[in-house]
Structures are given as structure tokens and as C-alpha cells.
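Let me begin by presenting the structure, written as C-alpha cells, before commenting on it.
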Amino acid sequence: MVHLTRKIEFSASHLYHNPNLSAEENRRIFGKCNNPHGHGHNYTLEVTVAGEPNPVTGMVLDLRELKEILEREVMRRMDHRHLNYEVPELAGQIPTCENIAQVIWRLLDPKITQGRLHRVRLYESPDLFADCYRNGTSGAGN
Amino acid sequence: MKNDGLHIELGRRYRFAASHRLHTPQLSEEENCRVFGKCNNPYGHGHNYVLEVRLSGKIDPATGMIANLADLDAFVERHVLEEFDHHSLNEDVAAFRDTVPTTENLCIEIFRRLEKFPHARLESVRIQETVNNSFEYAGNTEGNHS
């Protein structure tokens, strides 16, 4: 089994606000992430696909194909967008790293037909990220 | 919120600067020098450590979070950074009085402290000692590849 990883970057804005909570509770839980006009990040997405290299091409999957999938499913949806208002898949959710990583997993998983999606890692900043795996396949060293 | 059989982890990185000296009284001076090389120099030396903590748990639908970062940051500050940052690991951290403060042992010590974090499950502690060396400990569990 070989794991290959492709990285892309996109920029987007968001804010954290739960309409079911009071203004004070929103402020207490989310801090400055609750500022009403939002703020932005340069997100870095690492997508890891696991599989056996094809004996003829030597590839788990064609990186060009993965690049096109990422362009179509992630870049067009999220790059230079406001995640709260412009991404229907995130509607009704707080656009945290954890939730965005899950949404990206669900978008990519059915599209990757060679190899198998192994991990989606989304960095909001160099010091904060979320990992999404299929249950039972996570762990140190992966 | 429906999880769809997915496993989600939150990763957070912290930085601290500390000194250490690799030396054990269980070996002779010569053996210490041979085993630890320049890391055995008597007055120690320092590193800018990068600590990466990974946690797992259910995403709270009200907050979209596995754990509130403010809680995690405060916990790591209180249980690790306050004692380690700008300190000598050998002299200032009781756990390293009798244990060599290699980064392997540092991972285990920090894991032991952070696994008490009450709001999520600690998956692993990874420490980068320099840009070329990193170490990871995921607890003493079966199937752990660290």
C-alpha cells in the first residue's frame, strides 16, 4: 500500500455564530471568531489517497486527475468565498476546521475511484488543523 | 450530527524553547560521551521545540468543535508550557531528574500530562526537536506504530 498526498491552498472568509445561542454566549464560546463581519484564512488542504501502484503506469492514481477533482470540488466551491454564506454544503454548520474537513471528505470520497481516500487534513493556520479519516483507519504514522 | 463513519481529529501546534543535556549516571563519563556525543556537553544546549497535539472526539453540533481551542490552549499552557518554556528540562522538570530528557522521553512525559485533558481523547503527541528530527508517541496501545 502506498499513500500519496496532494496539497492545495485556498483563501476564504468565515465567522463562528450559533443563532440558537445568545449574543453573550456566542462571544464567550467563540471569542474573536464571532466578530460579526467575519475574517479570513489561507487554508492549506492535504489530501492523501491510499492504494497499490498500477503495474503499467506505476501510479496509485493520476495526479492530474486528482488535481482536477480538487479544482472542481474544493477550489471552485471555497476559494475566495465566504464559507458561511456561499457554500451550501456548510449551511447550518459552524465552519470550523473540523466541519470543513468533513464536508471536503464527503465531496471527495465518491469522486476518487482509483485508490481510496485515506485522509483529509485541513490547516486553518500553520498551528491549527483538522484530520478526517474513515473510522478505523487513523493512527500515528499515517 | 451524523458522523457517516468518519473519524475526526483536531491538531494544534505549540512552541517552546528549552535546554537539556543527555547524560545518565548509569553510564561512565566515557560511555556517556560515546553514546550521546555533543548532546552530552556538560552545560547543555537548547532547542526550539514544536509540540503537535492531536485530539479526537465528537463534533459538538452547537460549536462545530471537538474541543474549544481556548480550553485546550489553557490546559497545555498550564500543564506543559509554563513548566517547560525557557527552562532547563534536566533541572526544572521533576520527571527528568532521573530520566534522560531525550525527545522520545519528552513525548511520553507530555502525553502523560495531556491525556488528562477532560474534553477530548488525546490521540498523539508529536515533537519536532529540529526541522530534521521529530518524534511521536500515541500512548501504549496495541497497533501503535510510534
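No value in this document is a laboratory result; all are computed from the given coordinates. No experiment lies behind these values; they were computed from the predicted model shown. Counting neighbours? That spans all protein chains shown, and the Cβs are built from the backbone with ideal geometry, glycine included.
For B:GLU136, B:GLU52, A:GLU25, the sequence from fewest to most other C-beta atoms within 10 Å is A:GLU25, B:GLU52, B:GLU136. The calculated 222 nm mean residue ellipticity attributable to helices in the protein assembly as shown amounts to -6000 deg cm²/dmol, summing -39500 (n - 2.57) over DSSP H runs of n ≥ 4 and dividing by all residues.
3J(HN,Hα) along the range B:105-113: 5, 5, 4, 5, 5, 5, 4, 4, 6 Hz, from the Karplus curve 6.51 cos²θ - 1.76 cosθ + 1.60 with θ = phi - 60°, whole Hz, x for Gly and Pro.
Scanning residues 5 or more positions from A:HIS118 or on other chains, those with amide H under 5 Å from its amide H are A:THR48, A:VAL49, A:ALA50, with H placed 1.01 Å from N in the peptide plane.
Electrostatic tally near A:ILE8: other residues with Cβ closer than 15 Å to its Cβ, Lys and Arg +1, Asp and Glu -1, net +3. Taking Cα pairs under 8 Å and at least six residues apart, what relative contact order does the range B:1-74 come out at, in percent? Here the relative contact order equals 41 percent. Take every Cα pair under 8 Å whose residues are at least 6 apart in sequence, average their separation, divide by the length of chain A, and the relative contact order is 29 percent.
From the alpha carbon centroid of the range B:1-67 to that of the range A:24-53 is 24 Å. Averaged over peptide A:95-107, the number of partner chain Cβ atoms lying within 10 Å of each residue's Cβ comes to 4. Legend: ranking of residues B:HIS45, A:HIS37, B:HIS23 from fewest to most surrounding C-beta atoms inside 10 Å; resulting order A:HIS37, B:HIS45, B:HIS23. Using a Gaussian network model of chain A with C-alpha springs under 10 Å, which one of A:ILE29, A:ILE69, A:ILE104 is most mobile by mean-square fluctuation? Result: A:ILE29 has the largest fluctuation of those listed.
Only Cα pairs under 8 Å and 6+ residues apart enter the sum, and on that basis the relative contact order of the range B:9-137 stands at 32 percent. Among A:ARG116, B:ARG15, sorting on how many other beta-carbon atoms sit within 10 Å of each Cβ, with the fewest leading, yields B:ARG15, A:ARG116.
For the range B:50-64, putting each phi into the Karplus relation 6.51 cos²θ - 1.76 cosθ + 1.60 with θ = phi - 60° gives couplings of 10, 9, 10, 10, 10, 10, 10, x, 7, 7, 6, x, 6, 10, x Hz, in residue order, rounded to whole numbers and with x for Gly and Pro. According to the Kirkwood relation over distinct C-alpha pairs, the hydrodynamic radius of chain A is 16.2 Å.
Total lysine pairs in the protein assembly as shown at Cα distances under 25 Å, for residues eight or more apart or on different chains: 7.
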